[in-house]
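J.: Here it is, the structure, as structure tokens.
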Amino acid sequence: MAIRLDEKAQENLEAARHLLDREAADLCSASASRAYFAAYLAVADLALQRGHRYPDGNYFRHNEFPQLARTWRLLTDDQRDDLALIRDRRVKADYTQDFVDVSEASESLEIAESFVGLLEEVAP
């Protein structure tokens, strides 16, 4: 059975919360990564709802997506910057030797919650 992007966004948000609730420093990076994907999937779902399509047929490119969503007027300038911030934090979490700390993971979670909240604002 297929899972919709809005459902995946919620699932990733719950995972980010669960990882952060454990308050283990080694799980903050995982929480930040899940938070980013929750936000990304929420905005991607919104873009698809508004008739935008994946450029390559499978996904929106992460490095371009915040600006693309802004160009489509799905996001404000501040939201574009927030999505880019947590995208960069996910890169830090997943691809560098640096850890994401509790404050960074908490901020990423708060930002992700606001993006997932966008789905509730446009729900029929």
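The values are calculated or read from the model by the stated rules, or taken from the named source; none is laboratory data. The shown structure was predicted, so the numbers you read here are calculated from the model rather than taken from an experiment. Every residue, glycine as well, gets a Cβ built from its backbone with ideal geometry; the counts of neighbours run over all protein chains shown.
J.: Considering only residues that are loosely packed, with under 14 Cβ neighbours inside 10 Å and aliphatic (A, V, I, L, M), which ones fall in segment 92-123?
T.: Val122, Ala123
J.: May I ask you to list the residues in segment 26-59 that are of a type in the set (Phe, Trp, Tyr) and modelled with pLDDT of 95 or more?
T.: Once the filter is applied, which keeps residues that are of a type in the set (Phe, Trp, Tyr) and modelled with pLDDT of 95 or more, segment 26-59 yields Tyr36, Phe37, Tyr40.
J.: Return the pair list, or none, for Cβ contacts closer than 8 Å from residues in segment 101-117 that are farther than 13 Å from Arg34 by Cα to residues that are surrounded by fewer than 13 Cβ atoms within 10 Å (Cβ to Cβ) and not acidic (Asp, Glu), at least 6 apart or on different chains.
T.: Asp101/Ala25; Val102/Ala25
J.: Testing Glu23 on (1) in a helix (DSSP H, G or I); (2) of a type in the set (D, E, K, R); (3) at pLDDT below 95, one condition comes back false. Which one is that?
T.: That leaves (1) as the condition not met.
J.: Something else now. Within segment 55-76, which residues are within 20 Å of Val116 (Cβ to Cβ) and without any contact (Cβ under 8 Å) to a residue 24 or more places away in the chain?
T.: Keep residues of segment 55-76 that are within 20 Å of Val116 (Cβ to Cβ), which gives 59-60, 62, 65-66, 68-70, 72-76.
Listed by number, the residues that qualify are Tyr59, Phe60, Pro66, Leu68, Arg70, Arg73, Thr76.
J.: Can you find even one residue in segment 53-61 that is hydroxyl-bearing (Ser, Thr, Tyr) and either surrounded by fewer than 15 Cβ atoms within 10 Å (Cβ to Cβ) or over 14 Å from the mean Cα position of the chain (by Cα) (or both)?
T.: So far as segment 53-61 goes, yes, one or more of its residues are hydroxyl-bearing (Ser, Thr, Tyr) and either surrounded by fewer than 15 Cβ atoms within 10 Å (Cβ to Cβ) or over 14 Å from the mean Cα position of the chain (by Cα) (or both).
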